[in-house]
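Presented below is the structure to which this report refers.
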Amino acid sequence: MAEIIQTKDFFLNTGAKIPAIGFGTWKAGPGEAAAAVQAAFEAGYRHFVRRAARKGAFTYGKEDRTVHDPDWDFIDTWREMEKLLATGKVKDIGVANFSTVNMSKLLGSCKVIPAVNQTEIQPLLPQKKLNALCQQHGIHQTAFGPLGGSGSTLHEDPIVNTIAKKRGCSSGNVLLSWGVRKGWSVIPKSTNPTRIASNLQKCFHMDDDETAQIDNLVTTLGGKRFNRPNWGTTVFHDDQEANVQ
Ligand SMILES: NC(=O)c1ccc[n+]([C@@H]2O[C@H](COP(=O)([O-])OP(=O)(O)OC[C@H]3O[C@@H](n4cnc5c(N)ncnc54)[C@H](OP(=O)(O)O)[C@@H]3O)[C@@H](O)[C@H]2O)c1
């Protein structure tokens, strides 16, 4: 029987499972996030980013030390995170926004290999070099901004829309289905109850031809990072080589 994408899981290097389609609430307005998370639980999501704990759901805690400490070294932070595993309260530890440069540095000194690297991945930022490195070390990639965020131009793309029309779903479902087909989990954000439900429930198993068409978008349209916060230090080391704008 064909696997149902709505309940598909990927395996982490710890043996834990992570649902392929998750849910984010970043930039949800005041009072919006709680309602969105409630709607997401009701729609069937089992993978939440930020503080949305419920028994049995996969959730994250996050820390951003650069905001507090200019001398921050992520190797030191990782060593502290490794100790958390011994408490039994934390099951899996991972990183976010790690480039191949920072990941290689971490892999050179860590005792525990990260279970997950959460980075922006969407058709115009396919992160090929980073994915190859993560795959080589058994690190699962989670795609944030899988729709291109609030400034996305991907929903107007004719190729995305042709596939959406053929499949009877939204452009969002095409972008998310592509991500799952490529092997990473996706965490779309929405505060719209209809989109919250359909983003999870209307994804489909993308075939080889559709995947090749979406893979090709970066060649025809050029590389683009939609979410580029100022980290005060170089974080996106791979962008220049991949010609990402
Ligand atoms: N680790 C990090 O540094 C980091 C950085 C950025 C994001 N994240 C996480 O990743 C999550 C997702 O990223 P994101 O919020 O930047 O971008 P995203 O999920 O790619 O896009 C969200 C935008 O798309 C709209 N949208 C949702 N479903 C849609 C659909 N089916 N069709 C058309 N538009 C749709 C949303 O509007 P509506 O709400 O109106 O539907 C919102 O404006 C965040 O919420 C956050 O949890 C992590």
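The values are calculated or read from the model by the stated rules, or taken from the named source; none is laboratory data. This is a predicted model, so every value here is computed, not measured. Note that each Cβ is placed from the backbone with ideal geometry, even for glycine, and that neighbours are counted across all protein chains shown.
Evaluate the stretch 40-47: report whether one residue or more is farther than 30 Å from Ser109 by Cα, of a type in the set (D, E, K, R) and at pLDDT 95 or above. Please lay out each step first, then the result.
As a first pass, look at the stretch 40-47 and keep what is farther than 30 Å from Ser109 by Cα: 40-46.
Keeping just the survivors that are of a type in the set (D, E, K, R) gives 42, 46.
Then drop every residue that is not at pLDDT 95 or above, which leaves 42.
Yes, some residue in the stretch 40-47 is farther than 30 Å from Ser109 by Cα, of a type in the set (D, E, K, R) and at pLDDT 95 or above.
Within the stretch 183-206, the set of residues being more than 9 Å from the ligand (Cβ to nearest atom) and among the hydrophobic types (A, V, I, L, M, F, W, C) comprises Trp184, Ala197, Leu200, Cys203, Phe204, Met206.
Yes or no: the stretch 48-63 includes at least one residue that is within 16 Å of the ligand (Cβ to nearest atom), at pLDDT 85 or above and touching a Leu at 6+ places or on another chain (Cβ under 9 Å). Scanning the stretch 48-63, I find no residue that is within 16 Å of the ligand (Cβ to nearest atom), at pLDDT 85 or above and touching a Leu at 6+ places or on another chain (Cβ under 9 Å), so the answer is no.
How many residues does the stretch 1-38 contain that are more than 16 Å from the ligand (Cβ to nearest atom), part of a loop (DSSP other than H, G, I, E, B) and under 21 Å from Gln141 (Cα atoms)?
From the stretch 1-38, those more than 16 Å from the ligand (Cβ to nearest atom) are 1-4, 7-17; that's our starting set.
The next check asks that each one be part of a loop (DSSP other than H, G, I, E, B); those that pass are 1-4, 8, 12-16.
Next, from what is left, pick out any that are under 21 Å from Gln141 (Cα atoms): 3-4, 8, 12-16.
Residues in the stretch 1-38 being more than 16 Å from the ligand (Cβ to nearest atom), part of a loop (DSSP other than H, G, I, E, B) and under 21 Å from Gln141 (Cα atoms): 8 in total.
Regarding Arg225, is this residue within 15 Å of the ligand (Cβ to nearest atom), in contact with a Pro (Cβ under 9 Å, 6 or more places away or on another chain) and of a type in the set (D, E, K, R)? The answer is no for Arg225. Looking for something closer than 30 Å to Asn173 by Cα, among the small types (Gly, Ala, Ser), within 16 Å of the ligand (Cβ to nearest atom) and assigned to a strand (DSSP E or B) - is there at least one such residue anywhere in the stretch 86-95? No, every residue in the stretch 86-95 fails to be closer than 30 Å to Asn173 by Cα, among the small types (Gly, Ala, Ser), within 16 Å of the ligand (Cβ to nearest atom) and assigned to a strand (DSSP E or B).
Tally up the residues in the stretch 107-149 that are aliphatic (A, V, I, L, M) and within 16 Å of the ligand (Cβ to nearest atom), please. Before you say what the answer is, go through the steps one by one.
Looking only at the stretch 107-149, we keep the residues that are aliphatic (A, V, I, L, M), and these are 107, 112-113, 115-116, 121, 124-125, 130, 132-133, 139, 143, 147.
If we keep only those that are within 16 Å of the ligand (Cβ to nearest atom) as well, we get 115-116, 121, 124-125, 130, 139, 143, 147.
Qualifying residue count, the stretch 107-149: 9.
Within the stretch 112-120, does at least one residue satisfy the condition of being closer than 22 Å to Thr211 by Cα, over 13 Å from the mean Cα position of the chain (by Cα), modelled with pLDDT of 95 or more and buried (at least 17 other Cβ atoms within 10 Å of the Cβ)? So far as the stretch 112-120 goes, no, none of its residues is closer than 22 Å to Thr211 by Cα, over 13 Å from the mean Cα position of the chain (by Cα), modelled with pLDDT of 95 or more and buried (at least 17 other Cβ atoms within 10 Å of the Cβ).
Of all residues being aliphatic (A, V, I, L, M) and touching a helix residue (DSSP H, G or I) at 6+ places or on another chain (Cβ under 7 Å) in the stretch 5-37, which is surrounded by the fewest Cβ atoms within 10 Å (Cβ to Cβ)? Just the residue, please. Taking the candidates together, the pick is Ala28.
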